[in-house]
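Everything on this sheet refers to the single structure shown next.
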Amino acid sequence: MSVAVVCPGSFDPITVGHLDVFERAAERFDRVVVAVLENPRKQGMFTVAERLELISAETEHLENLEVDRFRGLLVDYCNAIGVGVVCKGVRGSQDLDYELQMAQMNRRIGGVETVFLVASPEHTYLSSSLVKEVARGGGSITGTVPERVAAALYDKLG
Ligand code: PNS
């Protein structure tokens, strides 16, 4: 049986923690679709096009991984592309509480299952928002995002 999964998120921007989850998903599943949410109610630091470009560049080596964008409900997107499983990374109990709610709702409203990959211990503290906050404050973000992403972030911050 061939299993395809969608890894959804804002990815504003991707961190090394996201990349770790993508790589591990690509090792375990036959097809991985990284899907960036287009959220008209929340403007990010990066445009969706920029986020897609950064993800594509950082995942070029993963042949069974593709990148895409979606708007509206995740389950509608999954069903539209014929993928019945969502794959998410969880960093700890706080993530899990929220993720369980979404997973149950997604199964209820769209029949979409969710599988979780436990974040690698060295990434459990990492989030896109913290990385942006540290970069804004002039702190070091070395090792938290790929170099290309760090350069793009500093570009944004002028
Ligand atoms: O990276 P994030 O911001 O934690 O990702 C959250 C995301 C995009 C996976 C989640 O907000 C989502 O699926 N949004 C799409 C809208 C939707 O389906 N909402 C109902 C969830 S039960």
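Things worth noting here:
- Some residue of the stretch 30-45 being open to solvent by 20 Å² or more (accessible area, probe 1.4 Å), away from the ligand (no atom under 16 Å from the Cβ) and not hydroxyl-bearing (S, T, Y): yes
- Of the criteria (1) under 22 Å from K42 (Cα atoms); (2) touching a Pro at 6+ places or on another chain (Cβ under 9 Å); (3) more than 13 Å from the ligand (Cβ to nearest atom), which one R136 fails: (2)
- Total residues in the stretch 1-18, condition out of contact with any strand residue (DSSP E or B) (no Cβ under 8 Å at 6 or more places or on another chain) and either surrounded by 22 or more Cβ atoms within 10 Å (Cβ to Cβ) or under 26 Å from R41 (Cα atoms) (or both): 1
- Residue within the stretch 90-107 that is within 17 Å of V34 (Cβ to Cβ), open to solvent by 30 Å² or more (accessible area, probe 1.4 Å) and not aliphatic (A, V, I, L, M) present: no
- Scanning the stretch 22-48 for residues that are at pLDDT 95 or above, more than 23 Å from A135 (Cα to Cα), not aromatic (F, W, Y) and not in a strand (DSSP E or B) yields E23, R24, A25, A26, E27, R28, D30, E38.
Here is a yes/no grid of residues against (1) under 22 Å from P8 (Cα atoms); (2) part of a strand (DSSP E or B):
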position: K88; (1), (2): yes, yes
position: L117; (1), (2): yes, yes
position: Y125; (1), (2): yes, no
position: V131; (1), (2): yes, no
position: S140; (1), (2): no, no
position: L153; (1), (2): yes, no
position: K156; (1), (2): no, no
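- Note on the stretch 20-29: residues that are under 27 Å from Y154 (Cβ atoms) and either within 14 Å of the ligand (Cβ to nearest atom) or open to solvent by less than 20 Å² (accessible area, probe 1.4 Å) (or both) amount to 2.
- Test for Y125: is it within 11 Å of the ligand (Cβ to nearest atom) and at pLDDT 95 or above: no
- Search result, residues across the stretch 50-86 that are open to solvent by 20 Å² or more (accessible area, probe 1.4 Å) and either of a type in the set (V, I, T) or assigned to a strand (DSSP E or B) (or both): L65, E66, V67, D68, R69, I81, V85
- Search result, residues across the stretch 75-86 that are within 12 Å of the ligand (Cβ to nearest atom) and over 11 Å from V112 (Cβ atoms): none
The values are calculated or read from the model by the stated rules, or taken from the named source; none is laboratory data. Just so it is clear, the structure is predicted and the values come from calculations on it, not from any experiment. Cβ coordinates were reconstructed from backbone atoms using ideal geometry, including for glycine residues, and neighbour counts include every protein chain displayed. The area values use the complete protein model at the heavy-atom level, side chains included, leaving out ligands, DNA and RNA. Shrake-Rupley method; radii C 1.70, N 1.55, O 1.52, S 1.80 Å.
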